[in-house]
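Structure first, then comments.
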Amino acid sequence: MTTIDIAIPVLNEEHYISGCLDSVLAFELPEHVCSTIYVLDGGSLDHTRSVVKDYSQRFSKIVLLDNPGRIQSCALNIVIRQGKGDYILRLDAHSFYPRDYLRLCLETAKRTGGDNVGGVVITKPGNFGYAARVVQALTTHSFGVGNSGFRLDSSEKAVDTVPFGFFKREIFDRIGLYDERLVRAQDYEINRRIIAAGGKVWLNPNIRVYYHNQPGLYSFYKKQITKEAPYNAYLWWVAPYAFAPRHAITGLFSAGILSGLVLWSLIPWVQLPFLAVMMLYGILAISSAFQQAKRYREPLHLLSLPVCFFMYHFLHGFGVLWGLIRIATRTSPVQRIKEPWPGAGRYRAWPQM
């Protein structure tokens, strides 16, 4: 019998958890495969807990656990420590999954020998408003997210990361647990740690997850500048092996704009190359906006997306720069937390279990 522990961290997910659990309960289970669904609540203040409790009373395979650490890394470590499955499937409550999701993960893991396998994210608007559709367009074009293959569809191959993940349990015996210093970027770090240890991360584009993005531009940009971008910089300090150029490009972009504006009046010869770079960016942004307007049949994207692309890249880049400043001044949250084990330094998050 093959056993699978399914871990779903939650925090204030009352609008999405029912759809997520319904899709997980509908998973096709191959013969001789059983699963337990762990929902780990980080202290929700909405009705998430009551919704999950209702499901757990109706379905014995659903187990509600407290996550005192609140963040996803802590939740996943609880399941790694307490679960008994041969595999661990890490899911996101903000998403829903096709019936074949688990079956394809298991088949892919056995066929490829991947220590972690996953698929591609199909981004859905967070609500019915136009701003949510703009966020969808921003995060589903290579101009917006670079070479993030799992967001853009891809061929089947070994990759540097996959969304969420279907792990062999034994990989955690080799590389340790999730780094609880990381509020964001914890999935990317664990995948890069697997690779650094000689393991394999495999993407199968037939494995698909449907993710509800941020419902508006304000919440989307706020998440980029306060969470996603700074934690890219913090990740490089915690785990230098996890550095990826695509995570640094926006920082260079914002640094170039800020320095160009400062030097504009001080060094005249800077003006021409600065204008040339900005014109090139504008051409790429307009071209990308046209492609997304055609793809999503949204003519208004032609006007909104060039500006929104710029705001996305600049604010994300500013967040990266702010994260680097906090690292340099030793005020970052990852530096305030005691190292997970004596001698961990910044090169290894956790010892072997």
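What strands (runs of 3 or more DSSP E) completely inside the stretch 54-143 contain at least 2 residues that are in contact with a strand residue (DSSP E or B) (Cβ under 8 Å, 6 or more places away or on another chain), surrounded by 21 or more Cβ atoms within 10 Å (Cβ to Cβ) and touching a residue at least 60 places away in the same chain (Cβ under 8 Å)?
So the answer is 87-90, 116-124.
Checking Phe253 against (1) more than 22 Å from Phe143 (Cβ to Cβ); (2) at pLDDT 90 or above; (3) open to solvent by 10 Å² or more (accessible area, probe 1.4 Å), which test does it fail?
(1)
Sort out which residues of the stretch 256-297 are surrounded by fewer than 16 Cβ atoms within 10 Å (Cβ to Cβ), of a type in the set (Val, Ile, Thr) and in contact with a Leu (Cβ under 9 Å, 6 or more places away or on another chain), and write them in order of number.
Ile286
May I ask you to verify whether Leu258 is within 30 Å of Val183 (Cβ to Cβ), out of contact with any helix residue (DSSP H, G or I) (no Cβ under 7 Å at 6 or more places or on another chain) and of a type in the set (A, V, I, L, M, F, W, C)?
yes
Search the stretch 299-353 for residues being open to solvent by 40 Å² or more (accessible area, probe 1.4 Å) and on the phi > 0 side of the Ramachandran plot, and hand back the single one that is modelled with the highest pLDDT.
Out of the qualifying residues, it is Arg330.
Taking only pairs six or more apart or across chains, which ones have beta-carbon atoms under 6 Å, a first residue in the stretch 212-234 that is under 20 Å from Ala93 (Cβ atoms), and a second residue that is among the aliphatic types (A, V, I, L, M)?
Asn213/Val135; Gln214/Val135; Pro215/Ala132; Gly216/Ala131; Phe220/Val135; Tyr231/Ala185
Are any residues in the stretch 3-14 open to solvent by 20 Å² or more (accessible area, probe 1.4 Å) and in contact with a helix residue (DSSP H, G or I) (Cβ under 7 Å, 6 or more places away or on another chain), and if so, which ones? Give the derivation first.
Filtering the stretch 3-14 for residues open to solvent by 20 Å² or more (accessible area, probe 1.4 Å) gives 3, 11-14.
Once the filter is applied, which keeps residues that are open to solvent by 20 Å² or more (accessible area, probe 1.4 Å) and in contact with a helix residue (DSSP H, G or I) (Cβ under 7 Å, 6 or more places away or on another chain), the stretch 3-14 yields Asn12, Glu13, Glu14.
Considering only the stretch 121-148, state which residues are farther than 23 Å from Ala248 by Cβ and either over 17 Å from the mean Cα position of the chain (by Cα) or modelled with pLDDT of 90 or more (or both).
Asn127, Phe128, Gly129, Tyr130, Ala131, Ala132, Arg133, Val134, Gln136, Ala137
Across the stretch 300-319, what is the total count of residues that are over 30 Å from Tyr231 (Cα atoms) and in contact with a helix residue (DSSP H, G or I) (Cβ under 6 Å, 6 or more places away or on another chain)?
Of the residues in that region, 1 qualify.
Which of (1) outside any strand (DSSP E or B); (2) open to solvent by less than 40 Å² (accessible area, probe 1.4 Å) is the odd one out, the single condition Asp46 does not satisfy?
(2)
Suppose we filter Gly198, Gly176 for residues that are open to solvent by 10 Å² or more (accessible area, probe 1.4 Å), at positive phi and at pLDDT below 95; which single one remains?
Testing whether each residue is open to solvent by 10 Å² or more (accessible area, probe 1.4 Å), at positive phi and at pLDDT below 95 leaves just Gly198.
Taking helices (runs of 4 or more DSSP H) that do not extend beyond the stretch 187-303, which have at least 2 residues that are farther than 19 Å from Gly317 by Cα?
Counting at least 2 such residues, we get 271-296.
Quick check on this structure: which one of Tyr296, Tyr211, Tyr218 is under 30 Å from Asp22 (Cβ atoms), at pLDDT below 90 and not polar (S, T, N, Q)?
Values: Tyr296 fails: at pLDDT below 90; Tyr218 fails: at pLDDT below 90.
None of the other options fit; the residue is Tyr211.
So, in the stretch 15-42, of the ones that are open to solvent by 50 Å² or more (accessible area, probe 1.4 Å) and farther than 20 Å from Leu76 by Cα, which residue ends up nearest to the chain's Cα centre (by Cα)?
His15
Residues Phe290, Phe274, Phe243: which one is without any contact (Cβ under 8 Å) to a residue 24 or more places away in the chain, closer than 30 Å to Arg181 by Cβ, of a type in the set (Phe, Trp, Tyr) and out of contact with any strand residue (DSSP E or B) (no Cβ under 8 Å at 6 or more places or on another chain)? Full working, then the answer.
Details: Phe290 fails: closer than 30 Å to Arg181 by Cβ; Phe274 fails: closer than 30 Å to Arg181 by Cβ.
Result: Phe243 is the single residue among Phe290, Phe274, Phe243 that is without any contact (Cβ under 8 Å) to a residue 24 or more places away in the chain, closer than 30 Å to Arg181 by Cβ, of a type in the set (Phe, Trp, Tyr) and out of contact with any strand residue (DSSP E or B) (no Cβ under 8 Å at 6 or more places or on another chain).
Residues in the stretch 149-159: is at least one open to solvent by less than 40 Å² (accessible area, probe 1.4 Å) and modelled with pLDDT of 85 or more?
Yes, the conditions are met somewhere in the stretch 149-159.
Output the residue which, of all residues in the stretch 302-327 that are of a type outside the set (Phe, Trp, Tyr) and without any contact (Cβ under 8 Å) to a residue 40 or more places away in the chain, is farthest from Ala289 (Cα to Cα).
Ile325
The values are calculated or read from the model by the stated rules, or taken from the named source; none is laboratory data. None of the values given here were measured: they were computed from a predicted structure. Heads up, the Cβs are rebuilt from the backbone with ideal geometry, glycines too, and the neighbour counts pull from every protein chain shown. Ligands, DNA and RNA are excluded from the accessible area calculation, which covers all protein heavy atoms including side chains. Shrake-Rupley method; radii C 1.70, N 1.55, O 1.52, S 1.80 Å.
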